[in-house]
Amino acid sequence: MRIIGAYMLAVMGGNEKPDAAAVSAILDAIGEKADEERMKLFFSQIEGKDLAEVIEEGSKKLGAVGGVGGGAPVGGEGEGGEAGEKKEEKKEEEEDDDVGFDSDDDDDE
């Protein structure tokens with residue numbers, strides 16, 4: 001991922017076709033050393049391709065797989081949102097009502 005990130009930074013910085021030296025320089029600037037084998041693999045896979053096209057292809061592949069799902073909606077909406085809070089509040093109120101005193105106290109008569 002570091003190699004990809006450094007490559008993308010170089011492109012964003014104006015270098016349309018960064019080479020291994022440019023990517024290594026970016027990684028060196030942050031105190032990282034690029035794995036030469038991974039660098040060769042990356043450049044062999046991106047050779048002759050436009051970065052925007054590569055990103056678009058990857059986005060299509062991610063879309064085909066689908067996103068991560070199954071979680072509750074953000075913001076407390078949907079099932080368990082406000083309704084769940086109201087149920088909890090009601091339960092807490094019931095617990096607060098019972099503070100250890102017997103409501104059928106015979107001493108009051």
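The values are calculated or read from the model by the stated rules, or taken from the named source; none is laboratory data. None of the values given here were measured: they were computed from a predicted structure. Positions of Cβ are generated from backbone atoms using ideal geometry, with glycine treated the same way; all protein chains shown enter the neighbour counts.
Could you give me the residue pairs with C-beta distances under 9 Å whose first residue belongs to the stretch 8-34 and is assigned to a loop (DSSP other than H, G, I, E, B), whose second residue is among the polar types (S, T, N, Q) wherever it lies, and which are 6+ apart or on separate chains?
What qualifies is K33/S24; A34/S24.
How many of the residues in the stretch 1-50 are among the hydrophobic types (A, V, I, L, M, F, W, C) and surrounded by fewer than 12 Cβ atoms within 10 Å (Cβ to Cβ)?
Of all residues in the stretch 1-50, those among the hydrophobic types (A, V, I, L, M, F, W, C) come to 1, 3-4, 6, 8-12, 20-23, 25-27, 29-30, 34, 39, 41-43, 46.
So of that shortlist, the ones also surrounded by fewer than 12 Cβ atoms within 10 Å (Cβ to Cβ) come out as 1, 12, 21, 29-30.
So the count comes out to 5.
So, E47, is that one more than 25 Å from the chain's Cα centre (by Cα) and at pLDDT 60 or above or not? Please lay out each step first, then the result.
On the way: more than 25 Å from the chain's Cα centre (by Cα): yes; at pLDDT 60 or above: yes.
So E47 passes the test.
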